[in-house]
Amino acid sequence: MKNVMKISTPVITKNRIEYSYEITGEWQNAFNQEEKFYIEYSCDISNVPSSIAIVPLLCNVLPISWVYDAEIHIESCDKAFFESIPEFKKGYVDMYPKINFEGQIYSENLENNNLSHNNGSVAFFSGGVDAFNTLVNHIDEKPVLLTVWGADVKFEDIDGWENVVDHLKNTSSEFNIDYVTIKSCFRRFIKEYSLSQKVTELSGDNWWHGFQHGIGIIGHAAPVCYVMNKSIAYFASSFTIAEKGKITCASDPTIDNYVKFGFSHVVHDGYEFNRQAKVHNIVEFSKKSGIKIPLRVCWQSTGGKNCCQCEKCWRTILEIIAEGEDARKHDFNYSQLQLKNFHKLFYNKNNIPDYRINGIYFETQQLFIKNLKYECLPQELKWFYKIDINKLGYHPYRNFGRKIKNKLRNIIKK
């Protein structure tokens, strides 16, 4: 049976969009039949045309249709978005040459929503290093911040989401800018595990990181840009141009920069900066402006706060210290015990991919040596100042027992 999805006209009620669709064929296994796709915005989007409202759903199902060679049928689509599909699809084709990206989309009507022009912008905002780098670099534009509930914080984590919203409100107040929250089940209406099984062998990546992250989030900006008359949607880069060809990720300039809807286009922002440079931009902006910037980077803890126990937290803490700044000023409230024990994270190779060892950590260590005096460092940080970065991930005592046995054996022989 052919893989087909027939999508009905989205139903818009004040701040909510509901989607109905019928799916036939093998690719039914990629969708969670118990949960239909819906989105709730904190702003009124009732005057958004259905041709724009369909964009968030399409951004999440198009990559699935390509790997399953499926057909998507819709009643109406924004003309700019429809015409941009082949352009951002090419980014996937080039990134994953072993996969056949096929499939088709058919729309009964194409609507021209390019009826207005505005220099305003929106910026997706998670509260992390990438997001804050985009914010401080475009602060003169006063971008409206967009934060999605359902991306990294699950619906079940109510306390976590409340912390995220508090953080967003504080940022909005500090920078004197507006924000919009978006609740979306874009990760729940599909079966990520099944999709990862489908693509991992040929792509080397999972579904979320390699195919959905990026465009799956970006589509949520279309209704907001339309109602607020914004022409740019910034999506902060996760990686840098120096890592091009070494890492696959669905959030990439070859994909993001080609997405258009209505009178708006997407900008994959900050690709020219590596992570240490982004931290530098944030720290310097905070010092000069006097604005406190509490970073939210943790990918391990629930509750929407930094755990100060995972690799990403401590990687960021080291990056901030390398800039000569106190990481506690940026919401890393680690204890003395955590400071004493954090180095153990770096003796497990599973915690640190190779590209970070040779890239991120090397850069940070060089700044440590340049900006900080060894004798002035706390004892708990001195190991990072002198360690051979290439040995990160390998426990120095892993073969200790075997070495002792070999020495004893040699002594006995003598």
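The values are calculated or read from the model by the stated rules, or taken from the named source; none is laboratory data. Predicted model, so just to flag it, every value in this text is computed and none were measured. So basically every Cβ, Gly included, is an ideal-geometry build from the backbone, and we count neighbours across all protein chains shown. Each accessible area value is taken on the protein alone, full model and side chains, heavy atoms only, with ligands, DNA and RNA left out. Shrake-Rupley method; radii C 1.70, N 1.55, O 1.52, S 1.80 Å.
Diffusion coefficient of segment 73-191 by Stokes-Einstein, Kirkwood radius over Cα pairs, 20 °C, 1.002 mPa s: 123 µm²/s. Scanning residues 5 or more positions from Trp149 or on other chains, those with amide H under 5 Å from its amide H are Ile182, Lys183, Ser184, with H placed 1.01 Å from N in the peptide plane. Distance between the 7 Å Cα→Cβ label points at Ser46 and Asn229: 2.0 nm.
Under 12 Å from the Cβ of Lys260, count the other residues' Cβ atoms, weight Lys and Arg +1, Asp and Glu -1, and hand me the total.
Numbers: positive: Lys79; negative: Asp78, Glu83, Glu87, Asp256.
With Lys, Arg at +1 and Asp, Glu at -1, the net is -3.
Rounded to the nearest 0.05, what FRET efficiency do Ala242 and Ser173 give with R0 = 45 Å and r taken as the Cβ-Cβ distance? Could you check?
On the way: r = 35 Å, r/R0 = 0.79.
Step by step, r from the Cβ atoms, then E = 0.80.
Overall dimensions of segment 241-311, expressed as equivalent-ellipsoid semi-axes from the Cα gyration tensor (√(5λ), whole Å, largest first), are 26, 18, 15.
For segment 136-144, the Karplus equation 6.51 cos²θ - 1.76 cosθ + 1.60, evaluated at θ = phi - 60°, returns couplings of 5, 7, 10, 4, 5, 7, 6, x, 6 Hz by residue, with Gly and Pro reported as x.
Only Lys, Arg, Asp and Glu carry charge here, each on its Cβ (+1 for the first two, -1 for the last two); on that basis segment 1-115 has a dipole of about 120 debye about its Cα centre. A simple count of charges around Arg188, restricted to other residues whose Cβ falls under 15 Å of its Cβ and scoring Lys, Arg +1 and Asp, Glu -1, yields -3.
Once backbone amide H atoms are built at 1.01 Å from N, Phe31 has Lys191 as its partners under 5 Å, excluding neighbours fewer than 5 places away on the same chain.
How long are the semi-axes of the equivalent ellipsoid of segment 27-137, defined as square roots of 5 times the Cα gyration tensor eigenvalues? Whole Å, largest first.
Equivalent ellipsoid of segment 27-137: 26, 21, 17 Å, largest first.
If a/c stays under 1.5 just call it rounded; otherwise compare a/b with b/c (prolate if a/b is bigger, oblate if not). Do that for segment 192-287, with a ≥ b ≥ c from the square roots of the Cα gyration tensor eigenvalues. Because a/c hits 1.5 or more and a/b fails to exceed b/c, segment 192-287 counts as oblate. Past 23 Å, Cα to Cα: identify those pairs from Lys278/Lys340; Lys142/Lys370; Lys2/Lys191; Lys90/Lys246, in the order given. Cα-Cα > 23 Å for Lys278/Lys340; Lys142/Lys370; rest within. Cross-link partners for Lys329 among the aspartates and glutamates, with Cα-Cα distance under 16 Å and sequence neighbours closer than 8 places in the same chain left out: Glu174, Glu284, Glu319.
Within the listed set Ala221, Ala277, Ala242, the Gaussian network model of the chain (springs between alpha-carbon atoms below 10 Å) gives the highest mean-square fluctuation for Ala242.
Within the chain, DSSP assigns beta bridges of which about 40% are antiparallel (rounded to the nearest 5).
Just flag the trypsin sites (Lys or Arg not before Pro) in segment 243-323 sitting in loop per DSSP whose Cβ has no more than 14 other Cβ atoms within 10 Å. Don't skip to the end; give the middle numbers.
Numbers: sites: Lys244, Lys246, Lys260, Arg275, Lys278, Lys287, Lys288, Lys292, Arg296, Lys305, Lys312, Arg315; in loops: Lys246, Lys292, Arg296, Lys305.
Filter output for segment 243-323: Lys246, Lys292.
Within segment 47-129, the trypsin sites (Lys or Arg not before Pro) that combine a DSSP coil assignment with at most 13 other C-beta atoms in a 10 angstrom radius are Lys98.
Restricting to Cα pairs below 8 Å that are 6+ residues apart, what does the relative contact order work out to for the chain? Please round to a whole percent. Walk me through the numbers before you get to the answer.
Working: 740 pairs, mean separation 65.5, N = 414.
The normalised contact order for the chain reaches 16 percent.
Ranked by the mean number of other Cβ atoms within 10 Å per residue, highest first, peptides 222-228, 328-334, 250-256 order as 222-228, 250-256, 328-334. Rounded to the nearest whole Hz, the Karplus-based 3J(HN,Hα) values (6.51 cos²θ - 1.76 cosθ + 1.60, θ = phi - 60°) of segment 374-388 follow the sequence 4, 5, 8, 6, x, 3, 5, 10, 5, 4, 6, 5, 10, 5, 6, with x at glycine and proline.
In the frame of its principal axes, segment 171-237 has Cα extents of 46, 23, 22 Å, reported largest first.
The H on the amide N of Asp205, modeled in the peptide plane, is under 5 Å from the matching H of no residue at least 5 residues off or on a different chain.
Taking only the alpha-carbon positions of the chain and ignoring solvent, what does the Debye formula give for the base-10 log of I(q)/I(0) at q = 0.14 Å⁻¹? With no solvent term, the Cα-only Debye profile gives -1.29. Extension gain, Ile387-Gln309: 0.36 nm per intervening residue step, less the Cα-Cα distance, totals 26.0 nm. If the segment from Gln197 to Cys376 were pulled out straight at 0.36 nm per residue, it would be longer than the present Cα-Cα gap by 59.4 nm. Shape class for segment 1-63, computed from the alpha carbon gyration tensor (a ≥ b ≥ c): prolate, with a/c not under 1.5 and a/b above b/c. Residues His265, His117, sorted by accessible area with the largest first, give His117, His265 [1.4 Å probe; ligands and nucleic acids excluded].
In segment 239-298, which GluC sites (Glu not before Pro) fall in coil by DSSP and have 14 or fewer other Cβ atoms within 10 Å?
Values: sites: Glu243, Glu272, Glu284; in loops: Glu272.
Taking segment 239-298 and a limit of 14 other Cβ atoms within 10 Å, the loop GluC sites (Glu not before Pro) found are Glu272.
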